[in-house]
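**Q** There's a structure below that I have some questions on.
The values are calculated or read from the model by the stated rules, or taken from the named source; none is laboratory data. No experiment lies behind these values; they were computed from the predicted model shown. All Cβ positions, even for glycine, are placed from backbone atoms using ideal geometry, and neighbour counts span all protein chains on display.
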Amino acid sequence: MTHGVYQALVLDLDGTLITDEGGIRPRTLAALRAADARGVRVMIATGRSELGVAPVLVELGMDTPAVVFNGAGLFCPRERRLLEERLLSDRVVERCFEFAERTRLMPVIQVAGAKFAPHPRDAHEERALRGLEGLRHVAFEELPREYVIRITFFSDRHADSDALAAEVEGSIAQPLHLTHFPLNALATHRESALLVADVQPPCRGKGEALRVLEERYGIPRARVVAVGDADNDLPMLSVAGLGVAMENAMPRVLATARRVIGNNNTDTIAELVDELF
């Protein structure tokens with residue numbers, strides 16, 4: 001077991017561990033595997049679904065569960081299943097469907113192991129949905145309404161994602177965990193003009209990672225380093241012993257983090273691991 005100041009490292013994926021080309025830099029991968037071998041608990045906390053995180057966990061080759069769905073799920077790479085799964089209430093799902101019908105915004109319904117969306121109506125929606133793991137296109141009336149973990153809305157009608165989130169939250173008016181961002185924040189969608197709002201069940205967001213580390217491994221938050229780049233990383237950066245922002249991070253993340261390192265296309269995470277662990 002590591003005897004340094006920090007015992008665990010929590011990493012976001014897109015814009016943090018993952019480069020714009022979609023992989024993990026070799027030096028970073030080697031540094032993380034070496035840290036894991038020394039007893040450092042390396043955990044992924046992502047907005048991706050369990051389907052989206054699984055290939056990354058295979059590449060990392062570690063057994064620590066990953067926080068997925070922005071805190072609504074905990075996925076075990078060894079057993080390849082969700083160990084924890086929060087579901088949207090029936091009332092929230094009903095109001096999300098009413099919102100989608102009224103506004104005609106594209107919804108994506110996500111359940112364990114699959115995603116469902118209506119057929120795209122234009123090239124913008126088609127490109128936005130491209131690459132979503134496990135996506136099935138069905139008629140709106142056939143979208144699942146039970147065992148829903150997340151409902152995502154895409155919009156091109158709002159001034160920014162804050163405005164989209166405010167309308168979604170006001171329309172649903174129920175307890176939930178809402179995350180939002182411009183789709184072009186993702187390297188694979190740089191040309192997109194769409195905005196995204198994710199509706200998830202009430203939780204601590206990616207801050208659930210620190211709860212899991214303490215409950216399962218006895219690691220207090222003061223001994224955790226968390227690294228991220230986007231606003232959905234704030235719940236973990238603000239409570240970790242050391243919150244670290246990527247150089248390419250969003251303004252609120254840069255303002256919150258205690259430290260800023262290089263961008264996601266460099267070996268900066270490997271350098272951080274070598275220094276702190």
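**Q** Filter the stretch 165-196 for residues that are touching a helix residue (DSSP H, G or I) at 6+ places or on another chain (Cβ under 8 Å) and either of a type in the set (S, T, N, Q) or not assigned by TED's automatic domain parsing to the domain that holds PHE154 (or both); which is surrounded by the most Cβ atoms within 10 Å (Cβ to Cβ)?
**A** Restricting to residues being touching a helix residue (DSSP H, G or I) at 6+ places or on another chain (Cβ under 8 Å) and either of a type in the set (S, T, N, Q) or not assigned by TED's automatic domain parsing to the domain that holds PHE154 (or both), the top hit is THR179.
**Q** Just to be sure, is GLU98 touching a Lys or Arg at 6+ places or on another chain (Cβ under 8 Å), surrounded by fewer than 16 Cβ atoms within 10 Å (Cβ to Cβ) and in the same structural domain as ALA139 (by TED's automatic domain parsing)?
**A** On the way: touching a Lys or Arg at 6+ places or on another chain (Cβ under 8 Å): no; surrounded by fewer than 16 Cβ atoms within 10 Å (Cβ to Cβ): yes; in the same structural domain as ALA139 (by TED's automatic domain parsing): yes.
Taking the combined requirement at face value, the residue does not satisfy it.
**Q** Going by the structure shown, is VAL148 assigned to a loop (DSSP other than H, G, I, E, B), within 30 Å of THR64 (Cβ to Cβ) and in contact with a strand residue (DSSP E or B) (Cβ under 9 Å, 6 or more places away or on another chain)?
**A** On the way: assigned to a loop (DSSP other than H, G, I, E, B): yes; within 30 Å of THR64 (Cβ to Cβ): yes; in contact with a strand residue (DSSP E or B) (Cβ under 9 Å, 6 or more places away or on another chain): yes.
Against the criterion (assigned to a loop (DSSP other than H, G, I, E, B), within 30 Å of THR64 (Cβ to Cβ) and in contact with a strand residue (DSSP E or B) (Cβ under 9 Å, 6 or more places away or on another chain)), VAL148 qualifies.
**Q** Let me ask you something else. Considering ALA112, ALA139, ALA123, which residue is aliphatic (A, V, I, L, M) and free of Cβ contacts under 8 Å to residues at least 12 places away in the same chain? If you could, list the steps in order and put the result at the bottom.
**A** Values: ALA112 fails: free of Cβ contacts under 8 Å to residues at least 12 places away in the same chain; ALA139 fails: free of Cβ contacts under 8 Å to residues at least 12 places away in the same chain.
After applying the criteria, what remains is ALA123.
**Q** Tell me, which strands (runs of 3 or more DSSP E) wholly within the stretch 1-97 include 3 or more residues that are of a type in the set (A, V, I, L, M)?
**A** Numbers: elements: 8-11, 41-44, 66-68, 73-76, 81-85.
The qualifying strands (runs of 3 or more DSSP E) are 8-11, 41-44, 66-68.
**Q** When residues of the stretch 187-201 are filtered for being touching a strand residue (DSSP E or B) at 6+ places or on another chain (Cβ under 6 Å) and over 13 Å from LEU129 (Cα atoms), how many remain? Show your work before the answer.
**A** Restricting attention to the stretch 187-201, the residues satisfying the condition of being touching a strand residue (DSSP E or B) at 6+ places or on another chain (Cβ under 6 Å) are 194-200.
Applying the additional criterion that residues be over 13 Å from LEU129 (Cα atoms) yields 197-200.
Residues flagged as touching a strand residue (DSSP E or B) at 6+ places or on another chain (Cβ under 6 Å) and over 13 Å from LEU129 (Cα atoms) within the stretch 187-201 amount to 4.
**Q** List pairs: first residue in the stretch 11-34 and free of Cβ contacts under 8 Å to residues at least 40 places away in the same chain and within 19 Å of LEU242 (Cβ to Cβ), second residue of a type in the set (Ser, Thr, Tyr) and outside any loop (DSSP other than H, G, I, E, B) anywhere in the structure, Cβ distance under 8 angstrom, at least six positions apart or on different chains.
**A** If the second residue must be of a type in the set (Ser, Thr, Tyr) and outside any loop (DSSP other than H, G, I, E, B), no pairs are left.
**Q** Picking from ALA185, ALA193, which residue would you name as being farther than 24 Å from GLY73 by Cβ and touching a residue at least 24 places away in the same chain (Cβ under 8 Å)?
**A** Working: ALA185 fails: farther than 24 Å from GLY73 by Cβ.
Sole residue among the options that is farther than 24 Å from GLY73 by Cβ and touching a residue at least 24 places away in the same chain (Cβ under 8 Å): ALA193.
**Q** Can you tell me which residue is nearest to GLU79 (Cα to Cα) among those in the stretch 120-131 that are more than 16 Å from the chain's Cα centre (by Cα) and surrounded by 12 or more Cβ atoms within 10 Å (Cβ to Cβ)?
**A** Restricting attention to the stretch 120-131, the residues satisfying the condition of being more than 16 Å from the chain's Cα centre (by Cα) are 120-130.
Right, trim to surrounded by 12 or more Cβ atoms within 10 Å (Cβ to Cβ) and you get 120, 124-125, 127-129.
Working: PRO120: 34, HIS124: 37, GLU125: 34, ARG127: 32, ALA128: 31, LEU129: 28 Å.
Among those residues, the one meeting the criterion is LEU129.
**Q** Read through the list (1) touching a residue at least 40 places away in the same chain (Cβ under 8 Å); (2) more than 18 Å from the chain's Cα centre (by Cα), then give the number of the only condition that MET246 fails.
**A** That leaves (2) as the condition not met.
**Q** Something else: Quick one: in the stretch 154-164, of everything that is acidic (Asp, Glu) and over 22 Å from ARG130 (Cβ atoms), which residue is surrounded by the fewest Cβ atoms within 10 Å (Cβ to Cβ)?
**A** Going residue by residue through the stretch 154-164, those that are acidic (Asp, Glu) are 156, 160, 162.
Narrowing the set further to residues that are over 22 Å from ARG130 (Cβ atoms) leaves 160, 162.
On the way: ASP160: 12, ASP162: 14.
Per the criteria, the residue is ASP160.
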